[in-house]
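Student: There's a structure below that I have some questions on.
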Amino acid sequence: MDEQSLFNGLIGTFRELNMKVRTLPEERLQLGRGRQTVRSVIVDMRDDELRFSQALKDRLVGAPMVDIFHGRVDVEAGEIPSPDDTTIEVISQFGTARESTLAMLRGMSPEAWDDQSQGAFTIREATGGLLASDAANLKKIVTLLGSPSPN
């Protein structure tokens, strides 16, 4: 996938959350099936984004790019916000982390996207994985809300 498509997808995820979820009452976002709620999916998305942003920052300073979905990426204490935050606050935190990710990606040279010298994953592959995770999570949200698919 080319860089512009990746950017558009990453931006699109945040737009979807803002348009389809931010406007809903908190009570609806706390309802779910079993232990999974719309809020819990968004918390997972935020935490994935924080880990991805940290892994990308590490990669840009020369560390291997790790698979945030299967590897371990430490996020400094204090970076994961309070578990008591409202869903709207969690969406805002996700957006802040996503902005950081986008800023780092925008600053990369074209060659850096496919550089294989720092681990098993290129930045393009890792970003594609994040986008695929976004799509799966948005699908979960639609299912939990019981509304038509955003696509």
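Student: For segment 100-109, indicate whether the set of residues that are surrounded by 15 or more Cβ atoms within 10 Å (Cβ to Cβ) and on the phi > 0 side of the Ramachandran plot is non-empty.
Tutor: no
Student: Quick one: in segment 126-151, of everything that is of a type in the set (D, E, K, R) and crowded, with 16+ Cβ neighbours inside 10 Å, which residue is farthest from Met45 (Cα to Cα)?
Tutor: Kept after step one, since they are of a type in the set (D, E, K, R), are these residues of segment 126-151: 134, 139-140.
Among the residues that remain, those that are also crowded, with 16+ Cβ neighbours inside 10 Å are: 134, 140.
Details: Asp134: 7, Lys140: 11 Å.
Looking at the filtered set, the residue picked out is Lys140.
Student: Could I ask something else about it? Count, please, the residues in segment 25-48 that happen to be surrounded by fewer than 19 Cβ atoms within 10 Å (Cβ to Cβ) and under 20 Å from Thr96 (Cα atoms).
Tutor: Residues that pass the stated criteria total 2.
Student: Determine the pairs where a residue that is touching a residue at least 40 places away in the same chain (Cβ under 8 Å), located within segment 1-25, has a partner that is outside any helix (DSSP H, G or I) and not acidic (Asp, Glu) with Cβ atoms under 9 Å apart, the partner being 6 or more residues away or on another chain.
Tutor: So the pair list comes out as Glu3/Met108; Gly9/Met1; Glu16/Pro150; Lys20/Ser147; Lys20/Pro150.
Read-outs throughout are calculated quantities, based only on the coordinates presented, and are distinct from any laboratory measurement. Computed from a predicted model, the values in this text were never measured in an experiment. Please note: Cβ atoms are built from the backbone with ideal geometry, for glycine as well, and neighbour counts cover all protein chains shown.
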